[in-house]
Each structure stands twice: as structure tokens, then as C-alpha cells.
Amino acid sequence: MPDCVHHVKHITEAFDKQLNEYVFVFHSHAKEDNDRCRNFDRERVEIKTYGPSAAKLKGEHGETVIYKWKFKIDSDFKAQPTFTHIHQIKAGDGDAGAPIITFTPRFGEPDKFEIIHTGSTKGTSQGVLTRVNLADFKGNWVEVTEKLNYDSQGTYNVEIKRVADNKVLLSYTNTNIDLWRTGTSFCRPKWGVYRSLKSPAYIRDEDVSFADIAILEQ
């Protein structure tokens, strides 16, 4: 969190009447926030697993892991043409620069919700795996079930459904996808808001809510 400059709580809890439970609210500010006081052209408010996390929370080579959670973006959420990531899968070490998987709301006519893949090489990167209209996500709780087999020829499955009526908004399966990086000993999920500040006209202060985050191994 960018607390080093902007001394407010960037992650809070709030009671949600629809889910009937307390949820996490991630607060991102268009003018005051940055990326850990290291990068000032972007901002980051995230939670993640990392090296010292328990083994059962980290994705190892050959392992199948299921991530489940709910999230909600505001009905007036502003997507931008550069990047706003609200979920990432990253290598925990080794070739850990670019994310392997991102969930990215993208500005357009109309705005889209994209799932993007970056492999260990340009040749194994598949780019935008799938995209759907963002309108169905705005103002609604959605539930994600994401299943990965961590391998250079791995598998990836994801389904996102709207909580209110169980309507499936996105469903995607890939049976041959590069989900492992050179020199990596584990992969990790991240949830929150990581976005560029290079397109100020397309961003505003945003609150994104998350709930019921679970990590399951098979």
C-alpha cells in the first residue's frame, strides 16, 4: 500500500448487506497514491502470498490450485486504455517480472473485462485469452472460480458468475498454456488494484471490494 506518502487506510472492512458479511474494500486514489514510493507513474493497493507464506498457499510446479473469491466494482467504475489490474498470477521468484495472468478492465466502446496471459517467452504468450463486456460487472458482486495446473504446458479454467442471479458472465478453458517461468520455485496470486497513472483523464478515486478469498490445492 502507498501509505508512505498518503497516510490513510487503503484497505478497510465494511459490512455488505447483499452478502450479509464484512468484506474488504480496497481504496485507490487518483492523485495521492503511488507504487510503494518507488514508482510514481502507477499505484498499487494489493494483498498477495509471497515467499514466507505457508506451502499450501503457494502454487508449485505440477500442482493444481483453485482460487475462489468474490469482487465488486462500482457502477461508475472508470476503465482506462493503459492498465488497471484487479487480479494477477505471478511467479514468486526467478523470471518474475511480468504477470502470468491478469484480470483487466479495459476502456473501449464498450468497456471490456479481459483475461490476459504472458508466457515465459514471446512465443508462448497468448495475450488476451478472452474478453466480455464490462457492463455486467459494474455495481454487482461476482464470484470467480479459477483453476490452474502450474506447468509450461499447463491448463487454465475460469468461470465468473453474478452472485445475484448466478448468471455466468465469463467461462474459459485452455488445455495447453505456459504457466511456469524460468528459475521459479512457486507462483502466487494477488488481489487488489494495480493501475497506471499515465492516463489521468480515465481514472478517478476507486473502491473495489473483495470477499471470501480461498486457496485450494488438488
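The values are calculated or read from the model by the stated rules, or taken from the named source; none is laboratory data. It should be emphasised that the depicted structure is a prediction, and the values quoted were computed from it without experimental measurement. Ideal geometry is used to build each Cβ from the backbone, glycine not excepted, and the neighbour counts take in all protein chains shown. We work out accessible area using only protein heavy atoms, side chains counted, and drop any ligands, DNA or RNA first. Shrake-Rupley method; radii C 1.70, N 1.55, O 1.52, S 1.80 Å.
Every residue in region 101-126 that is touching a Leu at 6+ places or on another chain (Cβ under 6 Å) and among the hydrophobic types (A, V, I, L, M, F, W, C), please.
Passing the criteria: Phe113, Ile115.
Restricting to region 178-216, and then to whatever is touching a Ser or Thr at 6+ places or on another chain (Cβ under 7 Å) and assigned to a strand (DSSP E or B), can you tell me which residue is most open to solvent (accessible area, probe 1.4 Å)?
The qualifying residue most open to solvent (accessible area, probe 1.4 Å) is Arg188.
Can you tell me which residue within region 21-36, out of those that are charged (D, E, K, R) and either open to solvent by less than 40 Å² (accessible area, probe 1.4 Å) or not in a strand (DSSP E or B) (or both), is modelled with the lowest pLDDT?
The qualifying residue modelled with the lowest pLDDT is Arg36.
For Asp35, which of the numbered conditions (1) closer than 29 Å to Thr184 by Cα; (2) more than 17 Å from the chain's Cα centre (by Cα) fails to hold?
(2)
Which of (1) part of a strand (DSSP E or B); (2) farther than 30 Å from Pro200 by Cβ; (3) polar (S, T, N, Q) does Thr12 not meet, given it meets every other one?
Failing condition for Thr12: (2).
With the requirement that a residue be at positive phi and in contact with a strand residue (DSSP E or B) (Cβ under 8 Å, 6 or more places away or on another chain), what does region 26-46 give you?
Once the filter is applied, which keeps residues that are at positive phi and in contact with a strand residue (DSSP E or B) (Cβ under 8 Å, 6 or more places away or on another chain), region 26-46 yields only Arg36.
Applying the selection to region 124-168, what residues are open to solvent by 30 Å² or more (accessible area, probe 1.4 Å) and among the charged types (D, E, K, R)?
Residues satisfying the conditions are Arg131, Asp136, Lys138, Glu143, Lys147, Asp151, Glu159, Lys161, Arg162, Asp165, Lys167.
Does region 135-143 include one or more residues that are closer than 28 Å to Glu63 by Cβ and not hydroxyl-bearing (Ser, Thr, Tyr)?
Yes: region 135-143 contains one or more residues that are closer than 28 Å to Glu63 by Cβ and not hydroxyl-bearing (Ser, Thr, Tyr).
Taking region 68-93 only, how many residues are within 18 Å of Lys190 (Cβ to Cβ), of a type in the set (A, V, I, L, M, F, W, C) and either touching an Asp or Glu at 6+ places or on another chain (Cβ under 7 Å) or buried (at least 22 other Cβ atoms within 10 Å of the Cβ) (or both)?
Number of matching residues: 6.
Residues that are among the aromatic types (Phe, Trp, Tyr), farther than 20 Å from Ser196 by Cα and at pLDDT 95 or above: which strands (runs of 3 or more DSSP E) entirely in region 59-133 hold 2 or more of them?
Counting at least 2 such residues, we get 64-72.
Looking only at region 37-58, count every residue that is open to solvent by 30 Å² or more (accessible area, probe 1.4 Å) and either under 19 Å from Val208 (Cα atoms) or part of a strand (DSSP E or B) (or both) and tell me the total.
Adding up the residues that qualify gives 6.
Could you grab me the full set of residues in region 155-177 that are assigned to a loop (DSSP other than H, G, I, E, B) and either within 25 Å of Glu63 (Cβ to Cβ) or among the β-branched types (Val, Ile, Thr) (or both)?
Correct list: Val163 only.
Please specify each residue of region 1-12 satisfying the condition of being at pLDDT 85 or above and either out of contact with any strand residue (DSSP E or B) (no Cβ under 8 Å at 6 or more places or on another chain) or exposed (fewer than 12 other Cβ atoms within 10 Å of the Cβ) (or both).
Lys9
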